[in-house]
């Protein structure tokens, strides 16, 4: 009887430990607790398990740039292209957080660089539009060097160049990302489903450095979006005088332009 009780206690303790490990393991990935992950793997934990947000351990490690943990999980046969509810893989998480070394590890392990999520977003679009405190230029450069399609569009017609221009309008990214994409033959005149181009997006955000980078590619200055507004009109609504000057000096059509007022399609 005593033996049975001892065995029962040991079984309960074992599975209780595994349960605790499972509950804590995702947090351990976030914190970069390598030893906890080693213990989890050693005790037979499922390296492809997902939590209630449909994130895997590898996604959390990639999002946090936890290189040692990424290596451990890959060695333990974690599925590098397993997706969350939005269709994003660990590579998307690394790209959005601009962890280039994490991206390299994942791609070397077979992660699909051209996979699209449920919204049609590619890894390059995600990297170009990354909203972080640091420049995304290194991530963009790496993905271009790996052969990522610079003109891929998401379900709304949004491209990596537009993503970089959009984030320029949020004062997040570096004009270097735009220059890298343009040098790789990104289509400067591509428009999304709203009729916006990279130039109208950058002008609308008042980003002179972004507009200047785009002007170097000789874009169509007078593309009108579905609201009938050109880059110059959008800059006028700011008003963003530095952008207005750049566009006027480049030869933008001033028809219908009014500084400081909501411009209409004339």
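Each reported figure results from applying straightforward, stated rules to the coordinates on display, with no laboratory input. The structure displayed is predicted, hence computed values, not measured ones. So basically every Cβ, Gly included, is an ideal-geometry build from the backbone, and we count neighbours across all protein chains shown.
Quick look at the values:
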| read-out | value |
| --- | --- |
| More than 15 Å apart - percent of Cα-Cα pairs taken over the stretch 178-266 | 51 |
| Fraction of the pair-distance distribution of the chain above 24 Å, Cα-Cα pairs, percent | 55 |
| Value at 222 nm in deg cm²/dmol, rounded to 500, when DSSP H runs of n ≥ 4 in the chain each add -39,500 (n - 2.57) | -15000 deg cm²/dmol |
| Semi-axis lengths, Å, the stretch 103-206, gyration tensor of Cα atoms, sqrt of 5 times eigenvalues | 21, 15, 12 |
| Whole-number percent relative contact order across the chain, with pairs defined as alpha carbons under 8 Å at least 6 apart | 10 |
| Efficiency of FRET from Cβ geometry, residue 259 and residue 115, R₀ 35 Å, rounded to 0.05 | 0.20 |
| Fully extended contour minus Cα-Cα distance, from residue 49 to residue 189, at 0.36 nm per residue | 46.1 nm |
| Förster radius 51 Å - calculated FRET efficiency between residue 146 and residue 248 (Cβ-Cβ, nearest 0.05) | 0.85 |
| Over the stretch 117-237, relative contact order from alpha-carbon pairs under 8 Å, at least 6 apart, % | 23 |
